[in-house]
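Below is one structure, written out as structure tokens; the observations come after it.
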Amino acid sequence: MKELDFSRMFTLGQYLPGTSPLHRLTPQVKLIGIILLTAGLLVTSPVLGTLAGIGLLIILSLIAGIPMKFLFRNALPVLPFLILIALLQLFFTVAGNSPVLYSWGRFTITGAGVLNSLAIFLRFFALMGLLTLFTAVTPSREIGHGTENLTMPLARIGFPAHAFSLIITITFRFIPLLTEETESIMKAQTSRGARIGTAKNPVKRIISYMPILVPLFTASLQRAEQLAEAMEARCFRQGEERTRYVTYRYTLRDGIALGVSILFFGLFLLFRLGQWERVFIQ
Amino acid sequence: MDYLDIKNATFAYDTGNNPVIRNLSLTLKQGEFTVLAGSNGSGKSTLLRLINGLLIPQSGVVMTAGRDTSAPENLLPIRRMTGMVFQDPENQLTATVAEEDTAFGPENLAFPREEMNRAVDEALDITGLKSLRKRSTSALSAGQLQRLALAGVLAMSPECLLLDEPTSMLNPEARRRFLDLIIRLNREKGITVIMASHHEEELLAASRMIIMDKGEIAVDGTPDELFRRENLEQWGLLPPPALTASRLLASEKRDFPLLTGEGELTDALRREDHQLFAALQQKDPLYQKQTLTGNEKEPIIRVKDLSHDYRKGSVMANRALDGVSLTLRPGETAVLIGTTGSGKSTLLQHLNALLLSDGGDVRLLGIGPIGRDTTDDKAHFIREKIGLVMQRPEKQLFERYVGDDVAFAPRQIGLKGKELARRVKEAMDLVGLPFSEFKDRPIHALSGGEKRKAALAGVLALKGDVLLLDEPSAGLDPLSRRELHRILGDLQKQGTSLVIATHDMDEAALLADQVLLMYEGKVLRSGTPSEVFSETDLLSEAGLEAPFIKRVEAAL
């Protein structure tokens, strides 16, 4: 028998309160930083580039005072799939001029294959660690504030910067509530004998979800309506001038963080363009 | 000066059909504390929304603070001066940090920096949330969230507060605290208060009471005067316990005065000799209960030393149950009392095999210990025999028609045809939704109380031996609550065992054979109702209050 306790299933994206220099960065800088570094890691060369990324990650986690273990704990459930993909890469990478390291019947392991499967691991851990680190030092409200501050210049050409950030904040506020609601509806229907998603017949399986989906939709719509009423009652008007309770000031720390992010973004690009890893393949 | 002046207002959600407010006229003075009473669906909430212009009447005029709500340019000043707090604390907050939510109104009104800080500080101070200002809203209790919602309104310095059943989701201590706050704001700051409520104590706190019925004002007067009316039940209301008690006392001693307030009653009783109070005690269900020492049957539920952790292994881990034990024999009723977060719901879900224990021994219907090796078939068997009615069960209704929804569970266990129809009919008749009349009613056309009954019938249709109920009467009007207690009483007579979680102490006193007082995952005290309810200090430590009769006894 399986247990119906959602809280044990999801642990991703947790904020760890702290006062490290990384925690205290202005939200806009944190956002720009994560965008630059993620983009950089996605395009950089598979081994040297990602190794540099992991190096940076180690330094950042030391600054933030967050153990590496925390950053990679979320990787565990995905690990089996990762290993499978890496093995496929190892055996099936076809590279014409890459040296054959080992051969057994139809299977050959080439230098390029080793490199590719290694890269999958490195890139995955670097990205996963970076995103976990970001959410660990950034409370959800700062993501809202940061987005608003970043998109503010666009407000002049009609972009609804505040509404956009409000959507983000409200989403963060309501996700746990909806998770809770789903759990309680699932429990209620299970205790009424519902067997959800266990039927073999796909049509029956979809139908078996109705006792959860219908109440969940109804409840979400009701929540949305109540929230809209409450916001209106508190004088919210779309697009009107408003002031801000929380404001941020840029400090030297932010400048340095921005500089480091740009520097590493450049470095990641350089690794890609430099193609120094060919040495391993040829 | 009149703060509010409504003339012949009519409003229908579905324009032209079924008006929810019918040709209603009403004036309210500045500084008055008015309560709106009446059954679920009588139009209280709609009336409140007409006052601050969230809804505009289709005919007639609503003038709030001297401004017509139908003119769009008036809405902002009206809403600034007339703040509203809604029923569900969760659904009215926009920020993830307490103080940022308080600032939402001032931000919208473009308060300058200094003024905004002052307004937020003051609002958090009055509501007693200053120390929690940096807290994440998800880490606040329902009572704290509701005070935060009030703070958000107070930060705009309103002249009037509209409160839509603001305490119906709070536990007794939080509810009392919220009410005291409202009374203070009314008396000390002169804020006009208009509050919809079902709760007698809250209704009695007001200076004026308006009872609504089908969108009209049925009666208008002081609470003390209206509660003495003979025909309260037609409006979903019941006399306050003090009045019922003093009527009983008057039948014992002819010159005993009829009083509505609990304080007045105890004052009057102090002047009488103790015999009279003893007569009152004798008639109370709490003292009529015999102890269940005679029941030697094999227990159907046996829980020993049960613990449960949510989010186990993460930074957010919290212990919801800690060494809880419970034994229930056939035909008994156990009532779990405690505030939100005391572990009542978690315990109930263990009794339905929805959660698995981290430590301890759970045996249900002789099966067990329940654990990961319990087969799915056994779990389904347990859930068939031990029904669970979750909190606000009307949320789980999903079919279009009442009959189909009630038939869902029996259909899942393979019942068909006549047997299925018989089960559905029995369950619906039992909860007071006659099968012939209600089976083809669309669910959305039911009132709040009827939906609750339909959801209850949906579990009863399994005809289990045990029924678990989580806060079964929360949010119901007094009459629907009494109706629910009648249904549960019928089930007890039929021999069904019950486990009920509640923070309504009078409900516990009425139904329980044994009471478990829970606090922060532990059972502080268990025993017969009169044993547990004599522990007044322990009760208040756990955020609860004693039932009426024990409160009077303590005051004497």
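The values are calculated or read from the model by the stated rules, or taken from the named source; none is laboratory data. Everything numeric here is computed off the predicted structure, so don't read it as measured data. We place every Cβ from the backbone using ideal geometry, glycine too, and count neighbours over all the protein chains shown.
Scanning region B:371-391 for residues that are surrounded by 20 or more Cβ atoms within 10 Å (Cβ to Cβ) and more than 8 Å from chain A (Cβ to nearest Cβ) turns up B:Ile382, B:Ile386, B:Val389.
Per-residue answers, yes or no, for (1) more than 23 Å from A:Pro139 (Cα to Cα); (2) crowded, with 20+ Cβ neighbours inside 10 Å:
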{"residue": "A:Ser20", "(1), (2)": "no, no"}
{"residue": "A:Val29", "(1), (2)": "no, yes"}
{"residue": "A:Leu42", "(1), (2)": "yes, no"}
{"residue": "A:Leu51", "(1), (2)": "yes, no"}
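Tell me which residues, restricted to region A:53-78, are crowded, with 16+ Cβ neighbours inside 10 Å and either farther than 14 Å from A:Phe125 by Cα or basic (Lys, Arg) (or both). Once the filter is applied, which keeps residues that are crowded, with 16+ Cβ neighbours inside 10 Å and either farther than 14 Å from A:Phe125 by Cα or basic (Lys, Arg) (or both), region A:53-78 yields A:Leu60, A:Ala64, A:Ile66, A:Arg73.
Return the residue satisfying two criteria in turn: it lies in region B:234-263 and is part of a helix (DSSP H, G or I) and in contact with a helix residue (DSSP H, G or I) (Cβ under 7 Å, 6 or more places away or on another chain), and of such residues it is farthest from B:Ile211 (Cα to Cα). Checked region B:234-263; the qualifying residue farthest from B:Ile211 (Cα to Cα) is B:Glu252. None of B:Asp305, B:Asp267 is surrounded by fewer than 16 Cβ atoms within 10 Å (Cβ to Cβ) and in a helix (DSSP H, G or I) except B:Asp267. Entry remark, region B:167-187: residues being in contact with a helix residue (DSSP H, G or I) (Cβ under 9 Å, 6 or more places away or on another chain) and either at pLDDT 95 or above or at positive phi (or both) number 6 in total.
Could you please find all residues in region B:347-361 being touching a strand residue (DSSP E or B) at 6+ places or on another chain (Cβ under 7 Å) and without any contact (Cβ under 8 Å) to a residue 60 or more places away in the chain? Correct list: B:His350, B:Ala353, B:Leu355, B:Ser357, B:Asp358, B:Gly359, B:Gly360, B:Asp361. Screening A:Glu180, A:Glu229, A:Glu240 for residues that are surrounded by 13 or more Cβ atoms within 10 Å (Cβ to Cβ), at pLDDT below 90 and not polar (S, T, N, Q) leaves exactly one candidate, A:Glu180.
Residues in region B:325-353 that are hydrophobic (A, V, I, L, M, F, W, C) and at positive phi: B:Ala353 alone.
Take the conditions (1) in contact (Cβ under 8 Å) with a residue 12 or more places away in the chain; (2) of a type outside the set (Lys, Arg); (3) farther than 30 Å from B:Thr27 by Cα; B:Gln288 misses just one of them, which is (1). Pairs are defined by a Cβ separation below 9 Å, a sequence spacing of at least 6 or placement on different chains, a first member in region A:195-214 that is assigned by TED's automatic domain parsing to the domain that holds A:Ile185, and a second member that is assigned to a loop (DSSP other than H, G, I, E, B) and of a type in the set (Val, Ile, Thr); the pairs so defined are A:Arg205/A:Ile196; A:Arg205/A:Thr198; A:Ser208/A:Ile196; A:Ser208/A:Thr198; A:Tyr209/A:Ile196; A:Pro211/A:Ile196; A:Ile212/A:Ile196. Exactly one of (1) outside the structural domain of B:Ala353 (by TED's automatic domain parsing); (2) crowded, with 17+ Cβ neighbours inside 10 Å; (3) charged (D, E, K, R) is unmet by B:Asp429. Its number? Only one criterion is unmet by B:Asp429, namely (2).
Condition check ((1) within 7 Å of chain B (Cβ to nearest Cβ); (2) part of a loop (DSSP other than H, G, I, E, B)) across all residues:
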| site | (1), (2) |
| --- | --- |
| A:Gly129 | no, no |
| A:Arg141 | yes, no |
| A:Phe159 | no, yes |
| A:Thr171 | no, no |
| A:Glu183 | no, no |
| A:Ile212 | no, no |
| A:Leu216 | no, no |
| A:Arg223 | yes, no |
| A:Ala230 | yes, no |
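To keep it simple, each residue is scored yes or no on (1) in a loop (DSSP other than H, G, I, E, B); (2) farther than 27 Å from A:Leu213 by Cβ.
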| site | (1), (2) |
| --- | --- |
| B:Gln349 | no, no |
| B:Leu356 | yes, no |
| B:Asp361 | no, yes |
| B:Thr374 | yes, yes |
| B:Gly387 | no, no |
| B:Asp404 | no, no |
| B:Arg411 | no, no |
| B:Glu419 | no, yes |
| B:Arg422 | no, yes |
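Per the listing B:Leu538, B:Leu456, B:Leu544, B:Leu517, the residue uniquely outside the structural domain of B:Phe227 (by TED's automatic domain parsing), within 23 Å of B:Arg383 (Cβ to Cβ) and touching a strand residue (DSSP E or B) at 6+ places or on another chain (Cβ under 7 Å) is B:Leu456. The lone criterion from (1) surrounded by fewer than 22 Cβ atoms within 10 Å (Cβ to Cβ); (2) in a helix (DSSP H, G or I); (3) not aromatic (Phe, Trp, Tyr) left unmet by B:Ile182 is number (1). Count of region A:232-265 residues, restricted to those that are more than 14 Å from every other protein chain (Cβ to nearest Cβ) and assigned to a loop (DSSP other than H, G, I, E, B), is 2.
None of B:Lys253, B:Lys283 is in contact (Cβ under 8 Å) with a residue 24 or more places away in the chain, over 29 Å from B:Asn23 (Cβ atoms) and of a type in the set (Lys, Arg) except B:Lys283. In summary, A:Ile207 fulfils each of the numbered conditions (1) out of contact with any Gly (no Cβ under 9 Å at 6 or more places or on another chain); (2) assigned to a helix (DSSP H, G or I); (3) facing chain B (nearest Cβ under 9 Å); (4) modelled with pLDDT under 90 with the single exception of condition (3). For region B:46-68, the candidate set comprises residues that are small (Gly, Ala, Ser) and surrounded by fewer than 20 Cβ atoms within 10 Å (Cβ to Cβ); within that set, the residue that is nearest to B:Pro158 (Cα to Cα) is B:Gly66.
Here region B:74-111 is the region considered, the condition is being of a type in the set (A, V, I, L, M) and part of a helix (DSSP H, G or I), and the residue that is nearest to the other protein chains (Cβ to nearest Cβ) is B:Leu76. Scan region B:1-29 for residues that are under 30 Å from the mean Cα position of the chain (by Cα), assigned to a loop (DSSP other than H, G, I, E, B) and over 18 Å from B:Val219 (Cα atoms) and the total you get is 5. Against the condition within 25 Å of A:Gln222 (Cβ to Cβ) and out of contact with any Lys or Arg (no Cβ under 7 Å at 6 or more places or on another chain), how does B:Glu399 come out, does it pass? Against the criterion (within 25 Å of A:Gln222 (Cβ to Cβ) and out of contact with any Lys or Arg (no Cβ under 7 Å at 6 or more places or on another chain)), B:Glu399 qualifies. The set of residues in region B:446-498 that are more than 30 Å from B:Asp164 (Cα to Cα), assigned to a helix (DSSP H, G or I) and among the acidic types (Asp, Glu) contains only B:Asp490. Here B:Phe277 does not fit the description of being in a loop (DSSP other than H, G, I, E, B) and among the hydrophobic types (A, V, I, L, M, F, W, C). Do the conditions hold for A:Thr132, that is, is it polar (S, T, N, Q), in the same structural domain as A:Leu56 (by TED's automatic domain parsing) and at pLDDT 85 or above? Yes, satisfied. Given the condition more than 12 Å from chain B (Cβ to nearest Cβ) and aromatic (Phe, Trp, Tyr), answer yes or no: does some residue in region A:266-274 qualify? Yes; the residues of region A:266-274 include at least one that is more than 12 Å from chain B (Cβ to nearest Cβ) and aromatic (Phe, Trp, Tyr). For B:Ala509, the conditions (1) touching a Ser or Thr at 6+ places or on another chain (Cβ under 8 Å); (2) buried (at least 20 other Cβ atoms within 10 Å of the Cβ) are fulfilled apart from (1).
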